[in-house]
1. Would you check if there is a residue in the range 27-37 being among the small types (Gly, Ala, Ser), assigned to a strand (DSSP E or B) and touching a Lys or Arg at 6+ places or on another chain (Cβ under 8 Å)?
2. Just one of Leu159, Leu112, Leu127 is closer than 23 Å to Asp10 by Cβ and surrounded by 12 or more Cβ atoms within 10 Å (Cβ to Cβ); which is it?
3. Under the condition of being loosely packed, with under 15 Cβ neighbours inside 10 Å, out of contact with any Ser or Thr (no Cβ under 7 Å at 6 or more places or on another chain) and in contact (Cβ under 8 Å) with a residue 12 or more places away in the chain, which residue from the range 27-47 is farthest from Tyr166 (Cα to Cα)?
4. Would you call Glu57 surrounded by fewer than 16 Cβ atoms within 10 Å (Cβ to Cβ), at pLDDT 95 or above and out of contact with any helix residue (DSSP H, G or I) (no Cβ under 7 Å at 6 or more places or on another chain)?
5. Condition test on Ala100, is it surrounded by 14 or more Cβ atoms within 10 Å (Cβ to Cβ), out of contact with any helix residue (DSSP H, G or I) (no Cβ under 7 Å at 6 or more places or on another chain) and part of a strand (DSSP E or B)?
6. Please list, ordered by first then second residue, the pairs with beta carbon atoms under 8 Å, 6 or more apart or interchain, first in the range 71-85 and hydroxyl-bearing (Ser, Thr, Tyr), second at pLDDT 90 or above and in a strand (DSSP E or B).
Amino acid sequence: MRLFLGLAADQLAGQVSARQAELAPPPGGRLVPAEMWHLTLGFFGEVPPVAAVAIQERAAEYAQGQQALEISFQRVGAIGHRPPIRVWALCSDSSVAKAAVHRAQQVFRPWLSEREATRPPLVHLTLARGEWSRQPPGRPLRPPISLRAGAVVLYQSHLRPEGVHYERLATFLLAD
């Protein structure tokens, strides 16, 4: 099973739709459906079923007592520095979101790759995927787009010829 943990963000569809021209990816990008929008807390990759059970139990513990998160996305742009650039995303400098990702890295460290466990938190929400030969220019968002993340979701990633699909395996509500 290919798993990751994230904060569900499909409720941003209205805000993104209202600002579609401003947020549209460069030519060659294809939009990610809103029901697949999330802010990744930790990527586990391929794990055996026994590890999936342990991750799910730890996700329930992680969510307990965790307050809902207010996250502000200040810019839209490409993520990556070497061609081909593949992700067009909302990006955030939110210290609250960075702290949540860092905390998840600590809590889920036994299941993360060394690369995942040690890289600095990159708080982003993928809007589109594509392949650009050079870094497309990003831009600040004025006003920023805000997300109130109220649930941690354990996702299974299915790689298909037509593209990736995320299945929600378990949802854990955060405190209000």
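The values are calculated or read from the model by the stated rules, or taken from the named source; none is laboratory data. Worth saying up front: this structure is predicted, and the values here are computed from it rather than measured. Neighbour counts are summed over all protein chains in view; Cβ atoms, including those assigned to glycine, are modelled from backbone coordinates with ideal geometry.
1. If we filter the range 27-37 for residues that are among the small types (Gly, Ala, Ser), which is where we start, we get 28-29, 34.
With the extra rule that they be assigned to a strand (DSSP E or B), the set shrinks to none.
No: zero hits.
2. Leu127
3. Within the range 27-47, the subset loosely packed, with under 15 Cβ neighbours inside 10 Å is 27-28, 30, 33, 35, 45-46.
When the remaining residues are screened for being out of contact with any Ser or Thr (no Cβ under 7 Å at 6 or more places or on another chain), the result is 27-28, 30, 33, 35, 46.
Now drop any that are not in contact (Cβ under 8 Å) with a residue 12 or more places away in the chain, which leaves 28, 30, 35, 46.
On the way: Gly28: 22, Arg30: 16, Glu35: 9, Glu46: 14 Å.
Among those residues, the one meeting the criterion is Gly28.
4. yes
5. no
6. Ser72/Pro144; Ser72/Ile145; Ser72/Ser146; Ser72/Leu147
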